[in-house]
């Protein structure tokens, strides 16, 4: 029944009563049941409801009825917010709903507070002809009308409904709450109102005004050009309201019975607009589609011109909401006309276009060899049919009506009673030099049905086929000082790789800051050569190689910083083209924006991103003839940072959740393909912050912030539609309050113990593990890998004890113990190594920072170790409980949780299993002695041959040379004619990005690696001579500088376990210091594979001096 007919009926009161009692109870589709214009129409209070009233306004938004002048409001009782508040309507004459598709009503609710707007409505229908009621629940929002729809079409009780019950509750507000709820416009709706296209030939097809619209009309002509409809004889015209030209003017169409658009590729329509003046013809249209199946809306914006028809196309083929579309909204604005404007816009011919994937055809496997790509799948046909294989770029959508170039064509015959298997074999992988392994592919049946596009998911072995490194423990660190990281005994490290800094235009030309850099590092992708800056790559090499050579698993965080400005010296230069190509084209910069998403939306962006990922993945997996990693090894590649908060960390402009997740999924897939080309076992990771089922920035950036779980679910769905791969999760479970390290104090109402928790921190980290085990999330039956790639624990500022260092240390110990016993979390990587003065007051490091450290200068200069330093260092050693003073740390937690023990706090806690990093052979450490003479007889290095005897620089040594003399005293070699000299020039290290070295406090070293392990059982005394320049400035507060040498010896014990022993000794500058370390008690003496010699001091001041070694070897 039309609304205007019903209002006329209301004027005829007696007739209206007859209708309500008689005709209403033989209701047909599109029939109004209740509009509450005169009274409550028989609705009464049930459980936890104190009053039911007809009202014309409400205190909660939007404040007015959904339709007409009145609505029904019911008031809650004194129960909890999470209890149902119920109203009902009984019918003495049952209502026949069998000719309707849905029972529908509009519902609104008081909100509670800004952090709790999640509510649920439950509608229950009772019939007198079946025992089972029809029950439907739906999530709703407060302070807004929600359209609630109950499908009654297949319910056997739909012919004789005797009662409708509506119940509302808060999902989380567990205290007493006397709020109010409203309902309006209870109706029966059929499927007849849902059809497309809309051609506006007879009426407005149900389109209505939204914001800043004065009128919506069907018209046959317009004042603006071209003046006539796009299709047929009519079009829809909407006049703007009193707002500015730059304000959106919006119309919408609601579908009471949702439209299934899943069989279409695109929603298309034509739009036109008044122009304003010849110098301002730039306009934007925005289209938003809403679904009721739980998917996030999809929003697309497009530039249009005035006074002409523009065809707008929205790709809905990969949107998970395409099966149940409830609303289309179209908005138009001027890009620049910021004054009042009452122009008009027109739309016409709203249609579903293109044939979307159907169940008739599927691609089940796409596998690549070194030279070919092979395809197989299933198709259901009823007669001889033609199958055509097409190739698409990753950012392209397939349009069956466009002109497409076929890769291959085959004919298939029907198979009685089942589908037919098909295959395309031996398709060339390369078109010239272009590698098709990055492409996606579609198969079309008889030019009618198209498969879901699929990517290659089975790859040949990469250029490096080595197995993944086996980490000794889960302890990791975002490293700033490499030597100290090794001293801490870490097994995992995470390092930032800012790609925008890596590029150079060609060999030895301008870099991104306008300076000419050496750039002979080159990589060829698809036949094109790309160049990279040597200074940036050399810095990465030094960090990665020094760490990975010590069996530390490296995770690289691939990011793209947004430059405030491009230097004038490179404006218009080729480098700027690279920067603009790799930067996402839709970035919307705000004061919070730090990183851009990678541009994979077009050919240029994909080209540079592929080349970047291939270069990095190849460089950090390349080996020499002995199998050693030439530049170090990295196996984990984290793509951008905290991508569910793109307003700050992965900016791609305003995007719906579905669109943002689809673009990121494409970027992840391209990265994965690049990695798999170069290394078989490398892996890509999605980075997420700790906001899981909610987001903290949606109010400020509604289209640039998403709940982590929703983003992950959507990405997983998009990837699986086109071929799954083994992506993994890099999560950041910071405490809920970043300034409060005691995560066990996190709010239990937000860090709930279930996988839909609002926030996942260490307080409920087990939920992330359980989520990754869900069958829908698994890859080929295995759990998704998780690493915790960034988290930290704050301590007090340097003058306060509000939050103590003991709290910080206890929080780390508790967090580590939890993660140690969760099987599918591989690592816990601490942020930060050294405190950072520019992190908003957070002090998360193992070290304090030097007093002159600035926000972007002198980073990475440590000052003093914190309590957490020794806890971190020893958390995974054979002496974990003693060296971490575990009971003292536990007492910090017991202050909040009386009687707590590690066993009660940590599931599956096993103190013996904590001792899983036996590398440090504590029993073998003895004081390094000073022999009177050196007389090594085995594995000698005296450098008299003029070579460095396989000793190489490591850990911030800048240069190495064999010399006959030195500038410092005593000037001559310790023995013989030559010595080995190491320089420590720090000027090339970029502290702006935190690549710290500790200055002279940091370890500066040389390393010798033995391709075949050596046995020194018969000559176990390691001897060497060392000298240093004097003049190292003393640390502030220290009267003098203490010069030191540390030796580390690595090997395997008789059980094949890695072991290491070390010792440190003070030395004097400007003289040869003779040192000896007796390895007789070292369990790895029969299988030594590496030795390190480190020079360092106790000063954190800068010093670009040198040190020398000579007469190195083993003596009896």
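Tabulated results
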{"read-out": "Strands (runs of 3 or more DSSP E) completely within segment 372-463 that count 2 or more residues being more than 24 Å from residue 265 (Cα to Cα)", "value": "372-379, 406-412, 420-428"}
{"read-out": "Test: residue in segment 190-201 that is buried (at least 16 other Cβ atoms within 10 Å of the Cβ), outside the structural domain of residue 140 (by TED's automatic domain parsing) and at pLDDT 90 or above", "value": "no"}
{"read-out": "Answer residue from segment 674-686, given it is closer than 21 Å to residue 495 by Cα and either surrounded by 23 or more Cβ atoms within 10 Å (Cβ to Cβ) or not assigned by TED's automatic domain parsing to the domain that holds residue 647 (or both) and is farthest from the chain's Cα centre (by Cα) among those", "value": "679"}
{"read-out": "Strands (runs of 3 or more DSSP E) contained entirely in segment 1011-1100, each with at least 2 residues that are under 43 Å from the mean Cα position of the chain (by Cα) and crowded, with 18+ Cβ neighbours inside 10 Å", "value": "1043-1052, 1058-1067, 1088-1097"}
{"read-out": "Subset of segment 639-658 (residues that are within 9 Å of the chain's Cα centre (by Cα) and over 22 Å from residue 612 (Cα atoms))", "value": "644, 645"}
{"read-out": "One residue from 458, 382 being surrounded by fewer than 19 Cβ atoms within 10 Å (Cβ to Cβ) and farther than 25 Å from residue 665 by Cβ", "value": "382"}
{"read-out": "Answer from 69, 100, 46 - the residue that is touching a residue at least 60 places away in the same chain (Cβ under 8 Å) and surrounded by fewer than 21 Cβ atoms within 10 Å (Cβ to Cβ)", "value": "46"}
{"read-out": "Evaluation of residue 470 against (1) in contact (Cβ under 8 Å) with a residue 12 or more places away in the chain; (2) surrounded by fewer than 15 Cβ atoms within 10 Å (Cβ to Cβ); (3) not in a strand (DSSP E or B) (one fails), failing number", "value": "(1)"}
{"read-out": "Criterion (assigned by TED's automatic domain parsing to the domain that holds residue 301, surrounded by fewer than 17 Cβ atoms within 10 Å (Cβ to Cβ), in a loop (DSSP other than H, G, I, E, B) and out of contact with any helix residue (DSSP H, G or I) (no Cβ under 9 Å at 6 or more places or on another chain)) met by exactly one of 178, 225", "value": "225"}
{"read-out": "Selection status of residue 439, closer than 28 Å to residue 378 by Cβ, surrounded by fewer than 17 Cβ atoms within 10 Å (Cβ to Cβ) and without any contact (Cβ under 8 Å) to a residue 60 or more places away in the chain", "value": "no"}
{"read-out": "Residue in segment 719-726 that is surrounded by fewer than 19 Cβ atoms within 10 Å (Cβ to Cβ) and in a helix (DSSP H, G or I) present", "value": "yes"}
{"read-out": "Number of the condition not met by residue 39 [criteria: (1) touching a strand residue (DSSP E or B) at 6+ places or on another chain (Cβ under 7 Å); (2) surrounded by fewer than 17 Cβ atoms within 10 Å (Cβ to Cβ); (3) in a strand (DSSP E or B)]", "value": "(3)"}
{"read-out": "Test result for residue 673, in contact (Cβ under 8 Å) with a residue 60 or more places away in the chain and part of a helix (DSSP H, G or I)", "value": "yes"}
{"read-out": "Considering residues of segment 587-603 that are more than 22 Å from residue 528 (Cβ to Cβ) and over 18 Å from the mean Cα position of the chain (by Cα) only, the residue modelled with the highest pLDDT", "value": "588"}
{"read-out": "Check on residue 418, in the same structural domain as residue 448 (by TED's automatic domain parsing) and surrounded by 14 or more Cβ atoms within 10 Å (Cβ to Cβ)", "value": "no"}
{"read-out": "Some residue of segment 151-164 being in contact (Cβ under 8 Å) with a residue 12 or more places away in the chain and under 26 Å from residue 112 (Cα atoms)", "value": "no"}
{"read-out": "Verdict on residue 428 being surrounded by fewer than 18 Cβ atoms within 10 Å (Cβ to Cβ) and modelled with pLDDT of 95 or more", "value": "yes"}
{"read-out": "Flag for residue 776 being outside any helix (DSSP H, G or I) and in contact with a helix residue (DSSP H, G or I) (Cβ under 9 Å, 6 or more places away or on another chain)", "value": "yes"}
{"read-out": "Hey, residue 716 surrounded by fewer than 20 Cβ atoms within 10 Å (Cβ to Cβ), touching a residue at least 60 places away in the same chain (Cβ under 8 Å) and farther than 26 Å from residue 844 by Cβ or not", "value": "no"}
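A quick yes/no check of all residues on (1) touching a helix residue (DSSP H, G or I) at 6+ places or on another chain (Cβ under 9 Å); (2) crowded, with 18+ Cβ neighbours inside 10 Å:
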| site | (1), (2) |
| --- | --- |
| 300 | yes, yes |
| 304 | no, yes |
| 308 | no, no |
| 326 | no, yes |
| 331 | no, yes |
| 334 | no, yes |
| 342 | no, no |
| 350 | no, yes |
| 361 | no, yes |
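The values are calculated or read from the model by the stated rules, or taken from the named source; none is laboratory data. This is a predicted model, so every value here is computed, not measured. Cβ sites come from the backbone with ideal geometry, for glycine too, and all protein chains shown count toward neighbours.
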